[in-house]
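Notes follow once the structure below has been shown.
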Amino acid sequence: MAPPDRLSAAAAIVLLALGPAEGQEPSRKGSVTASAEVRQVLVDAYATDRHGNAIEGLAARDFRVRVDGLEVPLREAEWVPASGSEEPRTGDIPPAGTPRFPEGRLIVLFFQTDFARIRLKGEMQMTVAARAYLDRLLPTDRVAVLSYDSQLRFRLDFTRDRSRIERAISDSLRIGSVPRIAPGPFPSLAAAFDYDAAREAATVERGLLATANALERIPGAKALLYLGWGVRVDRTPAEAKWHAVAITALQRARVTVFTLDVTDADYHTLETELELLSTLTGGTYEKANVFTDGALDRVFRRISGRYVLVLDRPDVPEGRHDIQVSLRDRPGDVWARSFFDD
């Protein structure tokens, strides 16, 4: 992956210090699968050229992967175009009667609502720009919409209906109760959504956790666009705990977070936390307060295709492991999560 150096170091320190989040069982669903002889690790990776466009046609030999600093061989690199679907693998067991993987991209729009002047302007600009960028969606894309203010509000299940997506984006600036959503056809976020957890989400970290837990029930990778202004806002121990649990849940659900910072400022103290959220999950950070359209454009180009990297788990002690992915002998960047858990 290719985040700024200061965030690479910070991410490594955070991962080593926290270890697997408290109360979490070791996960092999989605990111790690088991076989009789060897365990494999799956990593969703976005490779881009110097212009920010997705690079197609790479093979396993084009990637360099290091686990805890040691280079490990890559077994497979599967290109998944935006309109495509993953190939099934041993251990990927979906709910009975559903397809193994959904076709096309699953995109989650997660709006963090706040009515402070320094944030409201950016939030309004983002909702306008996000509606305009619906023209970039493919017929196979499905979009879900959630918002967070004092609790998590589930506004729209995965759908291809543009008018419903537009309405949910506009509603993200509102507060107040939201009607429950009946589960729809696969893939449905509502089928596993915990409304009690959403109502009790006293911090945005707990809102992300509730979102990740629901997304885990849907196999395959998802892209979450975090359209907001901060995480770990008060820097309390409780926030740190829920942040760690949420990051682990996002990994387990194979969610990559792309943050678009709406704060109307050239710099603010919470932007490093937003960068770290994306670094840990394999996404990117964009300042969106001035050139909102440009920020959205860069994200949409990055998610126009991805690779599923498959590697054999190296012979290292059980626990949480740092993972670094880069291109070998060719220009470009790779964006991938920075850890995996046994």
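The values are calculated or read from the model by the stated rules, or taken from the named source; none is laboratory data. In this text the structure is predicted, and so the values were computed from the model without any measurement. Don't worry about glycine lacking a Cβ; one is built from the backbone with ideal geometry, like all the others, and counts go over all protein chains shown.
Among what's in region 257-270 and is of a type in the set (S, T, Y) and out of contact with any Leu (no Cβ under 8 Å at 6 or more places or on another chain), pick the residue that is surrounded by the most Cβ atoms within 10 Å (Cβ to Cβ). Top of the filtered list is T269.
Restricting region 242-256 to residues that are touching a helix residue (DSSP H, G or I) at 6+ places or on another chain (Cβ under 8 Å) and of a type in the set (S, T, N, Q) leaves a set whose member that is surrounded by the fewest Cβ atoms within 10 Å (Cβ to Cβ) is T256. Being under 23 Å from L215 (Cα atoms), surrounded by 15 or more Cβ atoms within 10 Å (Cβ to Cβ), modelled with pLDDT of 90 or more and in contact with an Asp or Glu (Cβ under 7 Å, 6 or more places away or on another chain) is not true of R142.
Scanning region 215-241 for residues that are in a helix (DSSP H, G or I) and surrounded by 22 or more Cβ atoms within 10 Å (Cβ to Cβ) yields a count of 1. Under 8 Å by Cβ, and 6 or more places apart or on different chains, what pairs join a residue from region 197-214 that is closer than 14 Å to D149 by Cα with one that is assigned to a helix (DSSP H, G or I) and modelled with pLDDT under 95? From residues that are closer than 14 Å to D149 by Cα, the pairs are T203/A238; T203/E239; E205/E239.
Residue-by-condition table, conditions (1) at pLDDT below 90; (2) farther than 20 Å from Y307 by Cβ; (3) buried (at least 16 other Cβ atoms within 10 Å of the Cβ):
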| position | (1), (2), (3) |
| --- | --- |
| V14 | yes, yes, yes |
| A21 | yes, yes, yes |
| S35 | yes, yes, no |
| W79 | no, no, yes |
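So is R301 touching a helix residue (DSSP H, G or I) at 6+ places or on another chain (Cβ under 8 Å), within 18 Å of L224 (Cα to Cα) and basic (K, R) or not? Taking the combined requirement at face value, the residue does not satisfy it.
Within region 154-176, is even one residue under 20 Å from the mean Cα position of the chain (by Cα), part of a strand (DSSP E or B) and among the aliphatic types (A, V, I, L, M)? Checked against the condition, which is being under 20 Å from the mean Cα position of the chain (by Cα), part of a strand (DSSP E or B) and among the aliphatic types (A, V, I, L, M), region 154-176 yields at least one hit. Considering region 195-206, the residues that are assigned to a helix (DSSP H, G or I) and more than 14 Å from the chain's Cα centre (by Cα) include one that is surrounded by the most Cβ atoms within 10 Å (Cβ to Cβ), namely V204.
Residues in region 46-70 that are assigned to a strand (DSSP E or B), among the aliphatic types (A, V, I, L, M), surrounded by fewer than 21 Cβ atoms within 10 Å (Cβ to Cβ) and out of contact with any helix residue (DSSP H, G or I) (no Cβ under 7 Å at 6 or more places or on another chain): V67, L70. Can you tell me how many residues in region 157-194 are buried (at least 16 other Cβ atoms within 10 Å of the Cβ), touching a strand residue (DSSP E or B) at 6+ places or on another chain (Cβ under 8 Å) and within 13 Å of A214 (Cβ to Cβ)? Summing the residues that are buried (at least 16 other Cβ atoms within 10 Å of the Cβ), touching a strand residue (DSSP E or B) at 6+ places or on another chain (Cβ under 8 Å) and within 13 Å of A214 (Cβ to Cβ) in region 157-194 gives 8.
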